[in-house]
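Student: Handing you this structure, nothing more for now.
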Amino acid sequence: DAKTTQPNSMESNEEEPVHLPCNHSTISGTDYIHWYRQLPSQGPEYVIHGLTSNVNNRMASLAIAEDRKSSTLILHRATLRDAAVYYCILRDVPTYKYIFGTGTRLKVLA
Amino acid sequence: GAVVSQHPSRVICKSGTSVKIECRSLDFQATTMFWYRQFPKQSLMLMATSNEGSKATYEQGVEKDKFLINHASLTLSTLTVTSAHPEDSSFYICSARDAAEAYTQYFGPGTRLTVL
């Protein structure tokens, strides 16, 4: 199973952009990169996913390195509600399994 | 967006009893559902993959006779924790795969199981 590596924790000030990095050096050509976040005592919430090109949606942007060995989740303006554990996951082919790493705990300061 | 529900949201039971947790995909058909467990301050650990109409595939170290999984329809999977013990107390989360969206998984809200 391809693995991901993320910093254990990060801090950001409210209203400022946040860049959450993820390394996935063993990614294969068909692995999609998925990002989820989890609030305490809740199930993970889908944020964004991509394969090769950068992606934008209403929640965030995903920047994928040209060699696909790393990616960055970008929250354009952090709010207190964005405080959560963010997981970067590679979707396993062909079982579609997600193997969760330790994730990054994001703290947003008011 | 795709919605997955779980029932119950929390359950307390006595040691030795069995507990059933339901997972439903509300607005899409899920040929595959997954079951995870999560201990406090830890990440999610995949327990098993459930395919509609076939036997579940369990991850290494997960006892299939203790954690019974049934996926009888395209919108419902159940996890039964048999002969529960206090060490089975955990947060159980299901997810469902939406084949129409690059196989993205959508997660339920989780079930908090406490075994006394």
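Student: Would you check if there is a residue in the range B:78-96 being of a type in the set (Phe, Trp, Tyr) and within 27 Å of A:Tyr86 (Cα to Cα)?
Tutor: Yes, some residue in the range B:78-96 is of a type in the set (Phe, Trp, Tyr) and within 27 Å of A:Tyr86 (Cα to Cα).
Student: So, one more: So, A:Pro44, is that one closer than 25 Å to B:Lys41 by Cβ and facing chain B (nearest Cβ under 10 Å) or not?
Tutor: Yes: the conditions hold for A:Pro44.
Student: Please pick out the residue among B:Ile21, B:Ile93, B:Ile69 that is free of Cβ contacts under 8 Å to residues at least 40 places away in the same chain, of a type in the set (Val, Ile, Thr), open to solvent by less than 70 Å² (accessible area, probe 1.4 Å) and in contact with a Leu (Cβ under 8 Å, 6 or more places away or on another chain).
Tutor: The match here is B:Ile69.
Student: Among the numbered conditions (1) outside any loop (DSSP other than H, G, I, E, B); (2) open to solvent by 70 Å² or more (accessible area, probe 1.4 Å); (3) within 13 Å of chain B (Cβ to nearest Cβ), tell me where A:Lys107 comes up short.
Tutor: That leaves (3) as the condition not met.
Student: How many residues, within the range B:33-65, are of a type in the set (Asp, Glu), exposed (fewer than 12 other Cβ atoms within 10 Å of the Cβ) and either in contact (Cβ under 8 Å) with a residue 12 or more places away in the chain or facing chain A (nearest Cβ under 9 Å) (or both)?
Tutor: Number of matching residues: 1.
Student: Of the numbered conditions (1) at pLDDT 95 or above; (2) exposed (fewer than 12 other Cβ atoms within 10 Å of the Cβ); (3) under 14 Å from A:Arg91 (Cβ atoms), A:Asn13 satisfies every one except a single condition; which is it?
Tutor: Going through (1) at pLDDT 95 or above; (2) exposed (fewer than 12 other Cβ atoms within 10 Å of the Cβ); (3) under 14 Å from A:Arg91 (Cβ atoms) one by one, A:Asn13 breaks only (3).
Student: Would you pick out the residues in the range A:67-85 that are out of contact with any Cys (no Cβ under 8 Å at 6 or more places or on another chain) and surrounded by 17 or more Cβ atoms within 10 Å (Cβ to Cβ)?
Tutor: A:Arg68, A:Leu75, A:Ala78, A:Asp82, A:Ala83, A:Ala84, A:Val85, listed by residue number.
Student: Could you check the range A:8-23 and list, in sequence order, the residues that are under 11 Å from the mean Cα position of the chain (by Cα) and not hydrophobic (A, V, I, L, M, F, W, C)?
Tutor: Hits for the range A:8-23 are A:His19, A:Pro21, A:Asn23.
Student: Can you report the number of residues in the range A:37-66 which are open to solvent by less than 70 Å² (accessible area, probe 1.4 Å) and either touching a His at 6+ places or on another chain (Cβ under 9 Å) or β-branched (Val, Ile, Thr) (or both)?
Tutor: 11
Student: Which members of the range B:66-98 meet the condition of being under 25 Å from A:Tyr46 (Cα atoms), among the hydrophobic types (A, V, I, L, M, F, W, C) and more than 9 Å from every other protein chain (Cβ to nearest Cβ)?
Tutor: Correct list: B:Ile69, B:Leu74, B:Leu76, B:Leu79, B:Ala96.
Student: If I filter the range B:20-48 down to residues being among the β-branched types (Val, Ile, Thr) and at pLDDT below 95, which single residue comes out as nearest to A:Trp35 (Cα to Cα)?
Tutor: Taking the candidates together, the pick is B:Thr32.
Student: Hey, can you tell me all the residues within the range B:72-90 that are among the aliphatic types (A, V, I, L, M) and either part of a helix (DSSP H, G or I) or surrounded by fewer than 14 Cβ atoms within 10 Å (Cβ to Cβ) (or both)?
Tutor: Residue satisfying the conditions is B:Ala72 alone.
Student: While we're here: Which residue is least open to solvent (accessible area, probe 1.4 Å), if the candidates are limited to the range A:26-36 and must be outside any strand (DSSP E or B), closer than 23 Å to B:Met45 by Cβ and not charged (D, E, K, R)?
Tutor: The residue in question is A:Ile27.
Student: Which of the residues belonging to the range A:86-100 are open to solvent by 20 Å² or more (accessible area, probe 1.4 Å) and either away from chain B (no Cβ under 11 Å) or in contact (Cβ under 8 Å) with a residue 60 or more places away in the chain (or both)?
Tutor: Scanning the range A:86-100 gives A:Asp92, A:Val93, A:Lys97, A:Ile99.
The values are calculated or read from the model by the stated rules, or taken from the named source; none is laboratory data. Remember, predicted model here, so these are calculated numbers, not experimental data. Note that each Cβ is placed from the backbone with ideal geometry, even for glycine, and that neighbours are counted across all protein chains shown. What goes into the accessible areas is simple: the full protein's heavy atoms, side chains included, and nothing from ligands, DNA or RNA. Shrake-Rupley method; radii C 1.70, N 1.55, O 1.52, S 1.80 Å.
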